1. What shape does region 78-121 take by its C-alpha gyration tensor, where a ≥ b ≥ c are the square roots of the eigenvalues and a/c under 1.5 counts as rounded, a/b above b/c as prolate, and the rest as oblate?
2. With θ set to phi - 60° and the Karplus curve 6.51 cos²θ - 1.76 cosθ + 1.60, what are the ³J(HN,Hα) couplings of region 63-68 in order, to the nearest whole Hz, using x for Gly and Pro?
3. Place +1 on the Cβ of every Lys and Arg and -1 on the Cβ of every Asp and Glu in region 60-162, take the dipole about the Cα centre, and give the residue among Ser127, Gly76, Leu111 whose Cα lies farthest towards its positive end.
4. So what J values fall out for region 101-116 if you push phi through Karplus, 6.51 cos²θ - 1.76 cosθ + 1.60 with θ = phi - 60°, rounded to Hz, Gly and Pro as x?
5. For a quick check: with amide H placed at 1.01 Å from N, whose amide H comes under 5 Å from Val63's, ignoring anything fewer than 5 positions away on the same chain?
6. To the nearest 20 debye, what is the magnitude of the charge dipole of region 53-204 about its Cα centre, counting +1 on the Cβ of each Lys and Arg and -1 on the Cβ of each Asp and Glu?
7. Under the definition of Cα pairs under 8 Å and six or more residues apart, what whole-number percent is the relative contact order of the chain?
8. In the chain, carbon and sulfur make up what percent of the accessible area (probe 1.4 Å)?
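The values are calculated or read from the model by the stated rules, or taken from the named source; none is laboratory data. Everything quoted here is computed from the prediction, not taken from an experiment. Please note: Cβ atoms are built from the backbone with ideal geometry, for glycine as well, and neighbour counts cover all protein chains shown. Only protein heavy atoms, including side chains, enter the accessible area calculation; ligands, DNA and RNA are left aside. Shrake-Rupley method; radii C 1.70, N 1.55, O 1.52, S 1.80 Å.
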Amino acid sequence: RVTDRMVIEGPTLKVRRFTDKEILALFHAETDPNVALAIKMAAYSGMRLSEITALRIEHLESVGKSGHIFNLMNAGRRKTAASYRKVPVHPTLWRTIRSAIKSRASNEYILPGEPTDKYGNRSAALSKRIARVIDQITNDPAAREHSFRHALISKLAEAGVRKEWRMAIVGHEGSDVHDQYTQADYLTQLLGVISKVEYRNVPA
């Protein structure tokens with residue numbers, strides 16, 4: 001069952017960012033609701049799929065008058081200390097999530113109904129479905145699930161967001177901003193930063 005997307009040439013697998021055109025194609029692909037929402041969450045937050053599937057509605061928290069964050073501090077077990085973080089919710093993403101969670105209980109997962117494997121991981125089946133959607137828009141093996149993170153980081157860099165904040169948002173080791181999470185003004189600044197991300201139709 002090995003596909004071209006699984007083949008690694010050389011010591012490491014090269015993963016590239018998605019282009020804006022590819023991101024928009026993924027947003028409009030015909031698929032199931034969980035895949036569609038997971039794709040949008042990955043593109044606008046840079047979160048890993050294992051982080052996205054661990055989020056419950058109660059992990060969405062309000063900041064200020066209209067902002068929201070994903071609180072990954074207590075949403076399942078993370079791989080590294082930097083992964084325990086608060087991720088700003090992009091305004092475009094919030095509109096989609098608000099509709100998806102309407103009238104649902106706070107202890108429900110944002111992405112409901114995904115099976116859990118013996119390790120407590122809910123992302124395996126969803127990952128395979130996302131890979132099939134990616135295969136619909138490109139046959140490049142360097143375009144993978146991780147390409148969403150690369151796309152978001154690139155967008156933040158292009159918008160002039162400093163490296164420290166980019167690292168904090170996506171949970172890269174080396175960021176030392178976690179002690180600021182209790183400061184409302186800091187979270188408000190993160191919301192301003194994430195709102196700079198925009199995927200556009202670029203003329204060929």
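1. Numbers: a/c = 2.63, a/b = 1.19, b/c = 2.20.
Judged from the Cα gyration tensor, region 78-121 comes out oblate (a/c at least 1.5, b/c at or above a/b).
2. Per-residue couplings from phi come out as 9, x, 7, 9, x, 9 Hz.
3. Towards the positive end, the residue furthest out is Gly76.
4. Here the 3J(HN,Hα) series is 9, 4, 6, 10, 6, 5, 8, 7, 5, 4, 9, x, x, 7, x, 9 Hz.
5. Under 5 Å from the amide H of Val63 lie the amide H atoms of His68, Ile69, each far enough along the sequence or on another chain.
6. Numbers: 24 positive and 15 negative charges, 65 e Å.
So the magnitude is around 320 debye.
7. Computed value for the chain: 33 percent relative contact order.
8. On the way: 5650 of 11140 Å².
Its accessible area is 51 percent carbon and sulfur atoms.
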